[in-house]
1. Semi-axes of region 88-190's equivalent ellipsoid from the Cα gyration tensor, sqrt of 5 times each eigenvalue, largest first, rounded to whole Å?
2. Run the 1.4 Å probe and let me know the accessible area of residue 113, rounded to the nearest 10 Å².
3. Ranked by accessible surface with a 1.4 Å probe, highest first, in what order do 109, 93, 192 come?
4. What FRET efficiency would be calculated for the residue pair residue 136, residue 182, taking the C-beta separation as r and a Förster radius of 22 Å, to the nearest 0.05?
5. Does region 26-173 come out rounded, prolate or oblate, given a ≥ b ≥ c as the square roots of the eigenvalues of its C-alpha gyration tensor, rounded meaning a/c under 1.5 and, failing that, prolate meaning a/b above b/c?
6. Skip the ligands, DNA and RNA, and give the accessible area per residue of region 13-82 with a 1.4 Å probe, whole Å².
7. Per-residue ellipticity at 222 nm for the chain, helices alone: DSSP H runs ≥ 4 residues times -39500 (n - 2.57), over residue total, nearest 500 deg cm²/dmol?
8. When only Cα pairs under 8 Å and 6 or more residues apart are kept, what is the percent relative contact order across region 2-114?
Amino acid sequence: MKLVDIGANLTHAAFGADLDQVLARARQAGVETIVVTGTTPQDSRSAIDLADSHRGMFATVGVHPHHARDCGPDTISQLKSIAGHPRVVAIGECGLDFNRNYSPHPDQEKWFVAQAELGLELGLPLFLHSRDAHPRFSEILKSLKIHNAVAHCFTGERDELKAYLDLGLYVGITGWICDERRGKHLLELVREIPRDRLLLETDAPYLTPRDLKPQPKARRNEPAFLPHILKAVARALGRPAEELAAETTRNATTLFRLHESGSSAAAQRPLAA
Ligand SMILES: [Zn+2]
């Protein structure tokens with residue numbers, strides 16, 4: 001089984017001490033490709049450095065809505081200047097988070113729109129984050145005619161899912177679906193995602209699957225747990241995990257154009273020490 005973890009925050013301090021072991025475990029688990037999430041311009045640079053020095057790794061470049069308040073006149077040009085790197089496969093994560101509200105809503109909207117426009121300009125897909133922000137979030141996507149994107153870590157309800165699918169978006173499912181309290185509705189909703197629109201992700205180090213036994217140290221999630229999420233989704237769909245693995249890998253390859261992005265460079269570059 002070859003899997004793609006389309007969202008892992010591997011620049012997070014939680015991975016500072018043992019990233020090489022984390023990556024080795026991922027590979028052993030069949031997670032051969034990882035897209036590292038960028039959440040600020042600085043962090044996006046780190047994500048690129050990480051991707052650039054490891055086989056099978058790519059990066060997104062963007063500002064998470066939590067950090068919208070820190071954006072300034074240079075932010076978009078900073079993102080643009082690094083987005084041309086061959087390992088960069090998407091703009092984001094960007095979007096709206098009206099759950100935590102770490103940044104004022106007007107700031108969040110302003111910088112979400114600016115990043116969405118950057119994605120359109122560069123022809124890169126968007127890695128989208130939305131929490132408790134539907135329907136405003138979907139309105140913005142519609143008005144900008146965003147079709148080339150993934151709604152990462154989907155946890156919403158049916159109307160929100162329908163809005164994304166109507167736009168032709170991909171939908172990312174995390175270990176949230178393994179949460180018997182908060183994720184139960186996803187067991188049914190995931191059946192409504194077309195086979196060519198489903199993606200899998202850990203969102204590591206966050207969202208450790210609650211039914212994972214034993215629970216990892218400090219409850220840190222990591223890409224090696226992606227097969228656990230795959231199996232949960234396969235059970236919900238009543239379909240073989242192998243089939244789903246192949247489909248979701250194909251979907252990730254299509255959306256992020258992984259066959260083009262840095263693949264020749266990757267073949268030439270030795271594995272990092
Ligand atoms: Zn997110």
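1. 22, 16, 12
2. 40 Å²
3. Order by accessible area, largest first: 192, 109, 93.
4. On the way: r = 22 Å, r/R0 = 0.99.
Once rounded, the FRET efficiency stands at 0.50.
5. Oblate, since a/c reaches 1.5 and b/c is not below a/b.
6. Heavy-atom SASA per residue in region 13-82 reads 43 Å².
7. On the way: 10 runs with 106 residues, N = 273.
Roughly -11500 deg cm²/dmol at 222 nm, from the helical runs in the chain.
8. On the way: 191 pairs, mean separation 26.9, N = 113.
24 percent.
The values are calculated or read from the model by the stated rules, or taken from the named source; none is laboratory data. As the structure is a computational prediction, the values presented were derived from the model and not from experiment. Don't worry about glycine lacking a Cβ; one is built from the backbone with ideal geometry, like all the others, and counts go over all protein chains shown. The area values use the complete protein model at the heavy-atom level, side chains included, leaving out ligands, DNA and RNA. Shrake-Rupley method; radii C 1.70, N 1.55, O 1.52, S 1.80 Å.
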